[in-house]
Amino acid sequence: MVNRRDPLHNLLALTVLAYLIERPMHPYEIGKLLKQRNADRNIEYKHASLYMVVDQLARAGYIAAVGTERTGQRPERTVYAPTETGQIRLREQLRDMVAVPGKEYRKFEAALSLIVVLPPQEVPALLERRLHSLTEQARHQRAVLAAAHDVEPLFLIEYHYRLELIEAEQRFIERFRDLLASDPAALGQFWQRLHAAEPAISAIPATSDALEQG
């Protein structure tokens, strides 16, 4: 049974423990590393939550204090290192994340499931706007890869993966946009009928029974 109280189900906790594999650090140093490595690309976090996560990892026995550091007049900072248990659990969790696809809730996927709410003629322009944003994202990813001459290829894997995802989404959106332009009837008549007589949302039936009768 999966232990949902395990702090490593929190991506920030997972990242903090992974960083500590490199060397013992205090939370302030970990925070600087998160910023330097642009960790917010992959995880959502606030600086205040970092100290909470460090405390959770310590209480779970995944990290332990190994000393303190003091810089100038600043208060002493506790330095942490992973325990043997923490290293084992980190590798177990990462093996599972790499090998087993998990359900990831994406806003665009949810929007597509509800696209019927929007008038069909409005959607192509919205898709064009998304394509423009994706083009900018893809350009940024390629620029990062092109500039990373001195970075070991292993540490660029996530950029290649993100670029592949962006390009796949671009291809899907282009096909969807072109289909709406050339043959909207291919998606069925319901969407067209729902919006045929009403420019306003108030004309959309309020219940599923009413929709079935429309």
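The values are calculated or read from the model by the stated rules, or taken from the named source; none is laboratory data. Just so it is clear, the model here is predicted, and its values are computed rather than measured. For neighbour counting, all protein chains shown are included, and Cβ atoms are generated from backbone atoms with ideal geometry for every residue, glycine included.
Here are the numbers for the structure shown:
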item: Evaluation of ASP209 against (1) in a helix (DSSP H, G or I); (2) more than 30 Å from ASN38 (Cβ to Cβ); (3) modelled with pLDDT under 95; (4) touching a helix residue (DSSP H, G or I) at 6+ places or on another chain (Cβ under 8 Å) (one fails), failing number; result: (4)
item: Condition met for VAL151 (touching a His at 6+ places or on another chain (Cβ under 9 Å), not in a helix (DSSP H, G or I) and not basic (Lys, Arg)); result: no
item: Identity of the residue in the stretch 89-107, outside any helix (DSSP H, G or I) and charged (D, E, K, R), that ends up surrounded by the fewest Cβ atoms within 10 Å (Cβ to Cβ); result: LYS103
item: Members of the stretch 53-88 that are part of a helix (DSSP H, G or I), among the β-branched types (Val, Ile, Thr) and in contact with a strand residue (DSSP E or B) (Cβ under 7 Å, 6 or more places away or on another chain); result: VAL54
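Yes/no per residue for (1) more than 22 Å from the chain's Cα centre (by Cα); (2) more than 18 Å from ASN42 (Cβ to Cβ); (3) part of a helix (DSSP H, G or I):
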{"site": "ALA111", "(1), (2), (3)": "no, yes, yes"}
{"site": "PRO124", "(1), (2), (3)": "yes, yes, yes"}
{"site": "GLN141", "(1), (2), (3)": "no, no, yes"}
{"site": "HIS160", "(1), (2), (3)": "no, no, yes"}
{"site": "LEU163", "(1), (2), (3)": "no, no, yes"}
{"site": "GLU174", "(1), (2), (3)": "yes, yes, yes"}
